[in-house]
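Engineer: Handing you this structure, nothing more for now.
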Amino acid sequence: MAAQLLMSVKDAAVIYGDKTIFEGLSFNIHQGSKISLVGKNGAGKSTLMNIITGAKELDAGERWQEQSITIGYLKQDIIPIEGQSVFDFIFEEIPDGEKELHAYKVDVVAAALQLTVTDKMTMLSGGQIRRAGLARALVEEPDILLLDEPTNHLDLEAIEWLEGYLKNYRGTILVVSHDRTFLSNVTNKVFWLDRNNLRVSPNGFADFEEWSTLLLEQEERELKNRKSVVAQEVEWANRGVKARRKRNVRRVEQMKEMRDQLKLDESAFRRVVSKVDLPEPKDAEASSKIVAEFYNVHKKFTDEHGVEKNILEQFNMRIVRGDRIGLLGKNGSGKTTFLKMLIGEMTPDSGRVKRRKELEFSYFDQKRSDLDPEQTLHKILVPSGGDYIDVMGKQRHVCAYLKDFFFDPSETYRQVKTLSGGQKNRLMLAKILANPKTCLILDEPTNDLDMDTLDMLEEVLVNYKGTLIVVSHDRDFLDQTVTKIMAFEGNAQVEGHVGGYSDYLATKKAIPKKEKMPSTKKNKTKGTEKSIAPSAQKLSYKHHRELQQLPDKIEALEADIAEMNKKLSDGEFYKHDPDDFHTVTQRHGRVTERLKQAEERWLELEEMRLSTL
């Protein structure tokens, strides 16, 4: 039995000014459909959603919907109201007579999305506001639920909960998301917006790549056939046949129309199948193999209620050149703290973080704090002026480079504050990827990105030769870009796994809960490990004693080197006492080597201790 038809749009046209967004648009939405809406940036996804809600009137065509059906829409932008609680916000659109029926859902949904219903909306972060909007949409349970990037600002546990919720959702959903795994797990149909047309796949997003590739291959064959026909017509016209002059004039006109339309269609096709062609990133420096080391690091914070929370405890880790590490974990589990200590913006409560002195970081901050809202795109990319930007050793015109990141050249002098969240992310990526440093840190880079930008980013990162650290909850993105996972499990527990997200998940599922040991408080620095509570008792007494003494020895050597550095930095030192200058210089080299050996020995013993557990 066919599913009930809830909405139908036929031969619709939508025009903004002199720009046609849709012409001849037709689609049906049935009860129980789980639809993935995909398309390039600017293809009209938001416009289509507004057509469905009725917020956008058609310039031509018909829109029909079943009487009494309800439509809910999770939008990107939510403006909090002063004094309104999360609970009141979620219940705002529920009729008074139905609130009692829905009340029980609020606690369930809010808890799953890590919201406190008594909090005030104006006190929430941007990510929490988005989650409150999602909670509201789910609690209302409309017949048609429209979701715009619902996984943004959710951790993996919340994303997996949302997947389960939507699979069992009684109504119809239509979702826009950059998260391929999420779309594959949830949807059973695809609406593909392609060059002002809507193509419909009867299967879910899991089959989208194969299906869309077949359509494009068929289109390519048709264009080749048309090109052959046009070539024949051009050849005929060039022969200059005189007979039946009027018919021939019309035929020449038709040939020109065919040729012009073919050029337009070929150009549009190339834009669909084209890939961004950025230069291959330069090799990372081949000097020191060690990028950074964490020695017995402790870090804790005190929350607003005065409760101390351990973020890292007895944490040890070595990052080497070429590592590709993905960071997972709930919000507040320690990922950002780890990154800030790595780049030197935060210090541990105890323990030490050592970084290679000449190490340079490129840091993609999800808050986009490096973007001045008053500056233009041109000024952000070329702060010193001019029209050319150095892209990994090659000079590129700033307009051409912006096109690589799906900006129109006419937008070059737009101010940052006028950009959408996705556009700001693309601008940040354009700035960072022009010349990525030897260590590239990306904190939630996939939020608000469309799939074309995501494909481009994955390709750049696959070719990146430096050290890569990525914070992301996009499972497919992690599988494509990293080879190690650091999972921040909360309560200062960190687990290390070799592979991408799929490998991490397989490992987690393979270990029954009762057999799982506490995660690393002292984390091994190489490979994948079962994360277990450390105990140094299994080392020999001699090694155990040496391990205990090494931190003090390292600290004394570092203090000695610092004192010598102070002397050597004096420009008059050599002039006043050249003999002492040579003595200090030679001793500096010897002590530096002893420090290096002590650090290597400490890590060797620490790994030996962990390997015996």
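The values are calculated or read from the model by the stated rules, or taken from the named source; none is laboratory data. From a predicted model like this one, the values you see are computed outputs, not experimental measurements. Counting neighbours? That spans all protein chains shown, and the Cβs are built from the backbone with ideal geometry, glycine included. Calculation scope for accessible area: heavy atoms of the full protein, side chains included, ligands and nucleic acids excluded. Shrake-Rupley method; radii C 1.70, N 1.55, O 1.52, S 1.80 Å.
Engineer: Tell me, how many Å apart are the Cα centres for the range 394-470 and for the range 157-209?
Structural biologist: Taking the Cα centre of the range 157-209 as reference, the centre of the range 394-470 is 25 Å away.
Engineer: If you don't mind, another one. Assuming a ≥ b ≥ c are the square roots of the Cα gyration tensor eigenvalues, decide whether the range 365-412 counts as rounded (a/c under 1.5), prolate (otherwise, with a/b larger than b/c) or oblate.
Structural biologist: prolate
Engineer: Bins of 5 Å, beginning at zero and ending with the bin holding the largest distance: percent of Cα pairs per bin for the range 96-140, please.
Structural biologist: 5, 23, 32, 23, 13, 4, 0
Engineer: Run the Debye formula on the Cα coordinates of the range 135-230, all scatterers equal and no solvent, and tell me log10 I(q)/I(0) at q = 0.12, 0.22 1/Å.
Structural biologist: -0.49, -1.18
Engineer: In terms of modelled amide H atoms, which long-range or inter-chain residues lie less than 5 Å from the amide H of Leu146?
Structural biologist: Gly72, Tyr73, Leu74, Leu174
Engineer: Using 1/(1 + (r/R0)^6) with R0 = 45 angstrom and r between the beta carbons of Trp211 and Asp387, what's the FRET efficiency to the nearest 0.05?
Structural biologist: Here the calculated transfer efficiency is 0.60.
Engineer: Now for a different question. Give a residue-ordered list of calculated ³J(HN,Hα) values for the range 81-89 (Karplus: 6.51 cos²θ - 1.76 cosθ + 1.60, θ = phi - 60°; whole Hz; x for Gly, Pro).
Structural biologist: Karplus-based 3J(HN,Hα) across the range 81-89 equals 9, 4, x, 7, 7, 4, 4, 5, 5 Hz.
Engineer: On the principal axes of its Cα set, how long, how wide and how thick is the range 410-456? Give whole Å, largest value first.
Structural biologist: Principal-axis extents of the range 410-456 (Cα, largest first): 32, 21, 17 Å.
Engineer: A further question follows. Would you kindly derive the ³J(HN,Hα) couplings of the range 218-227 from the backbone phi angles with the Karplus curve 6.51 cos²θ - 1.76 cosθ + 1.60 (θ = phi - 60°), listing them in order in whole Hz, with x for Gly and Pro?
Structural biologist: My calculation for the range 218-227 gives 5, 5, 4, 5, 5, 5, 5, 5, 5, 5 Hz in order.
Engineer: Here is a follow-up. Obtain the nm distance between the two label points defined at Asn168 and Thr418 by a simple spin-label model: each point lies 7 Å from its Cα along the Cα-to-C-beta direction.
Structural biologist: Output for this residue pair reads 4.8 nm.
Engineer: Kindly identify the range 1-135 as rounded, prolate or oblate by the Cα gyration tensor criterion: order the square roots of the eigenvalues as a ≥ b ≥ c, call it rounded if a/c is under 1.5, otherwise compare a/b with b/c, prolate if a/b is larger, else oblate.
Structural biologist: Cα axes put the range 1-135 in the prolate bin.
Engineer: So how much slack lies between Ser369 and Val234, counting 0.36 nm per residue of separation and subtracting their Cα-Cα distance, in nm?
Structural biologist: So the extension gain works out to 42.9 nm.
Engineer: Still on this structure, I have one more. With each label point set 7 Å from Cα along the Cα-Cβ vector, what nm distance links Thr20 and Asn197?
Structural biologist: 1.3
Engineer: Counting only heavy atoms of protein chains, what accessible area per residue, in Å², does the range 91-212 have with a probe of 1.4 Å?
Structural biologist: I get 40 Å² per residue for the range 91-212.
Engineer: If you don't mind, there's one more thing I want to ask. Computing the accessible area with a 1.4 Å probe over protein heavy atoms, can you report the carbon and sulfur percentage for the range 92-156?
Structural biologist: 50
Engineer: So what is the accessible area of the range 401-498 per residue, in Å², with the probe set to 1.4 Å?
Structural biologist: Heavy-atom accessible area per residue stands at 29 Å².
Engineer: Report the full-extension gain for the segment Asp349 to Asp579: residue separation times 0.36 nm, less the Cα-Cα distance, to one decimal in nm.
Structural biologist: Extra length available between Asp349 and Asp579 comes to 78.7 nm.
Engineer: Expressed as a whole percentage, what fraction of the accessible surface of the range 299-433 belongs to carbon and sulfur atoms when a 1.4 Å probe is rolled over the protein heavy atoms?
Structural biologist: Values: 2990 of 6490 Å².
For the range 299-433, the apolar C and S fraction of the accessible surface comes to 46 percent.
Engineer: How far is it, in nm, from the label point at Asp552 to the one at Lys357 when both lie 7 Å from their Cα along the line to the Cβ?
Structural biologist: 2.8
Engineer: Would you grab the residues whose amide H sits under 5 Å from the one on Ile15? Only those 5+ places off in sequence or on another chain, please, with H modelled 1.01 Å from N.
Structural biologist: Ile21, Asp59
Engineer: Then there's this: What FRET efficiency comes out for the pair Ala2/Tyr104, r = Cβ-Cβ distance, R0 = 25 Å, nearest 0.05?
Structural biologist: Numbers: r = 34 Å, r/R0 = 1.34.
Once the sixth-power term is evaluated, E becomes 0.15.
Engineer: In the range 70-98, which residues have a backbone nitrogen under 12 Å from the label point lying 7 Å from Thr122's Cα in the Cα-to-Cβ direction?
Structural biologist: 80-85
Engineer: Ok, one more. With θ taken as phi - 60° and the coefficients 6.51, -1.76 and 1.60, list the Karplus ³J(HN,Hα) couplings across the range 439-453 in order, rounded to whole Hz; mark glycine and proline as x.
Structural biologist: Per residue, the Karplus-derived 3J(HN,Hα) values read 10, 10, 10, 10, 9, 6, x, 8, 4, 6, 8, 7, 5, 5, 5 Hz.
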